[in-house]
Amino acid sequence: MRSVTKQTITQAFLDYCADGTDPRLKFVLESLVGHLHDFARETELTHAEWRKGIELLTKAGEISTPERNEFILLSDVLGLSSLVDMVHSPDDATNSSVLGPFHILGAPDLPVGGDLKQDNDGPTVAVSGRVTDKAGQPIEGAVLEIWQTADNGLYSNQDASQPDYNLRCRMTVGADGRYAFTTVRPAPYTVPDDGPVGELLHATGRHPWRPSHLHFIVVAEGYRTLVTEVFPDDDPWLDQDAVFGVREDLVMHYREQSDPAAAPAGLEAANRLTNPYYTVDFDFVLAAET
Ligand code: BEZ
Ligand code: FE
């Protein structure tokens, strides 16, 4: 098209893509560019504002490393990561939530009932529940990967004072679908806010806090892998998670206990529980693979 105008540029873009051979790429890109053009027209975006946006993306590239991906963080704080999760969450199964940047491969195995807390300071929590299908039938052999922060709000790969793989494990459930472990109550923490995403948060009057949570990946043959997190109902940041990860069904209750008999059966640390301690029940429902 020789004479492109504000109104015809979007159609011109679509025409340029007419020979694309990947239909999904074509569909997604055309929609994205259509919305970008609408955005620029609607906001009457200035050159200075456009340059600021480009600067943000440039700084995100500069600060990113294999361990820190500022573009994922940008997607997280804009709500895009959570929206992609929600668009693909199956009905009647446990909702997924953001993976976050602190997951690492190779966590050690812990038997059902094992003690993840070890020498970590802080309140003890006994976490237990079942992994089932949508009909409530236990899924034998499901593997849970679990990771969390220590009492200081840091993950082991952010904090040189913690042993490697501190507060990380893999647990395989038996025929009853049951999992259980003792751990330390995780603490709320902030997403990294020392880069361009932090600048954006602060410039828009936002805070970088996430409510405390336990991360889980639940894998079972024949089922959709579930990447999720669970949050306590009394966390002060529950209703303002900086990355929009909280869903109604992912909120659980820490029950304060002073009687050791209230602990789930078969805990390795049963005779080391100091009062008060907490119990949490949380079941995972997996959707069948389609
Ligand atoms: C996390 O839960 O570990 C996390 C998620 C998104 C951004 C930063 C951290
Ligand atoms: Fe996290």
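The values are calculated or read from the model by the stated rules, or taken from the named source; none is laboratory data. The structure displayed is predicted, hence computed values, not measured ones. In this analysis, Cβ positions are derived from the backbone assuming ideal geometry, glycine residues included, and neighbour counts consider all displayed protein chains. Only protein heavy atoms, including side chains, enter the accessible area calculation; ligands, DNA and RNA are left aside. Shrake-Rupley method; radii C 1.70, N 1.55, O 1.52, S 1.80 Å.
What the table below lists for this structure:
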| item | result |
| --- | --- |
| Residue among 141, 174, 205 that alone is within 24 Å of residue 270 (Cβ to Cβ) and away from ligand 1 (no atom under 16 Å from the Cβ) | 174 |
| Residues of the range 97-112 classified as within 14 Å of ligand 2 (Cβ to nearest atom) and open to solvent by less than 60 Å² (accessible area, probe 1.4 Å), total | 6 |
| Single condition residue 127 does not satisfy, out of (1) surrounded by fewer than 17 Cβ atoms within 10 Å (Cβ to Cβ); (2) part of a strand (DSSP E or B) | (1) |
| The range 1-52: number of residues that are under 29 Å from residue 197 (Cβ atoms) and either part of a loop (DSSP other than H, G, I, E, B) or touching a Pro at 6+ places or on another chain (Cβ under 7 Å) (or both) | 3 |
| Any hit, the range 212-235, residues being touching a Pro at 6+ places or on another chain (Cβ under 8 Å) and more than 22 Å from residue 129 (Cα to Cα) | no |
| Among (1) open to solvent by 80 Å² or more (accessible area, probe 1.4 Å); (2) aromatic (Phe, Trp, Tyr); (3) out of contact with any Gly (no Cβ under 7 Å at 6 or more places or on another chain) - the single one residue 231 does not satisfy | (1) |
| Among (1) over 25 Å from residue 167 (Cα atoms); (2) open to solvent by less than 40 Å² (accessible area, probe 1.4 Å), the one test that residue 83 misses | (2) |
| Candidates 249, 283 - the one that is within 21 Å of the chain's Cα centre (by Cα) and open to solvent by 70 Å² or more (accessible area, probe 1.4 Å) | 283 |
| Residue ranges of strands (runs of 3 or more DSSP E) in the range 133-218 with at least 2 members in contact (Cβ under 8 Å) with a residue 12 or more places away in the chain, within 16 Å of ligand 2 (Cβ to nearest atom) and over 17 Å from the mean Cα position of the chain (by Cα) | 178-184 |
| Among (1) outside any loop (DSSP other than H, G, I, E, B); (2) of a type outside the set (Val, Ile, Thr); (3) more than 16 Å from residue 124 (Cα to Cα), the one test that residue 261 misses | (3) |
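Each row is one residue, and each column tells you yes or no for (1) away from ligand 2 (no atom under 16 Å from the Cβ); (2) without any contact (Cβ under 8 Å) to a residue 24 or more places away in the chain; (3) of a type in the set (S, T, N, Q).
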| position | (1), (2), (3) |
| --- | --- |
| 27 | yes, yes, no |
| 37 | yes, no, no |
| 42 | yes, yes, no |
| 54 | yes, yes, no |
| 60 | yes, no, no |
| 63 | yes, no, no |
| 76 | no, no, no |
